[in-house]
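Right, one structure below, let's go through it.
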Amino acid sequence: MARVNLPAAQPIYAAAQAFVDGALRGDSSLFTPGVAIWTVAHIEELHRRFVESPDTSSRSFLEKFQDQLDGSAPAVYQLAGELIYIHLLVATGNIGAHAKRGLIREVLG
């Protein structure tokens, strides 16, 4: 696999490797290592609440997502935040670091 060998890219590679090692090869959290967040039960609950219960209204993503997750276990909120973190890890363009952190904090909150 081709890799960008720039100092600024190294934290992204480190985060991606932590995701592979902790979450994909185990069930460990990216934010709280050693805590089982990426479990089948949590993934299934998030899938049921988000994918199987779409909200097609014109409200913002966060408004809809908050309603979909309402009543979930704290671990499901954390899984959702970690998924958004991974999704945004390499996102560029109109979303900067401040907006990325804000979105993750909002989901975790």
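None of the figures in this text is laboratory data; all of them are computed from the coordinates on show. Here the structure is a predicted model, which means the values were calculated and not measured. FYI the Cβ positions are ideal-geometry reconstructions off the backbone, even for glycines, and counts take in every protein chain you see.
Which of the helices (runs of 4 or more DSSP H) found entirely inside the range 36-109 contain at least 2 residues meeting this: small (Gly, Ala, Ser)? Step through it out loud before you land on a result.
On the way: elements: 40-46, 61-69, 74-88, 97-108.
Helices (runs of 4 or more DSSP H) meeting the threshold: 74-88, 97-108.
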Select from the range 43-64 the residues that are farther than 15 Å from LEU108 by Cα and touching a residue at least 12 places away in the same chain (Cβ under 8 Å) and write down the one among them that is nearest to the chain's Cα centre (by Cα). ILE43
Condition test on LEU69, is it within 10 Å of the chain's Cα centre (by Cα) and surrounded by 13 or more Cβ atoms within 10 Å (Cβ to Cβ)? no
When you scan the range 42-54, how many residues do you find that are surrounded by 14 or more Cβ atoms within 10 Å (Cβ to Cβ) and either farther than 17 Å from LEU83 by Cα or in contact with a Pro (Cβ under 9 Å, 6 or more places away or on another chain) (or both)? 0
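Give the residues of the range 27-38 that are surrounded by 15 or more Cβ atoms within 10 Å (Cβ to Cβ) and in contact (Cβ under 8 Å) with a residue 12 or more places away in the chain, sorted by residue number. Talk me through it step by step, then tell me what you get.
From the range 27-38, those surrounded by 15 or more Cβ atoms within 10 Å (Cβ to Cβ) are 27-30, 37-38; that's our starting set.
Those that are surrounded by 15 or more Cβ atoms within 10 Å (Cβ to Cβ) and in contact (Cβ under 8 Å) with a residue 12 or more places away in the chain: ASP27, SER29, LEU30, ILE37, TRP38.
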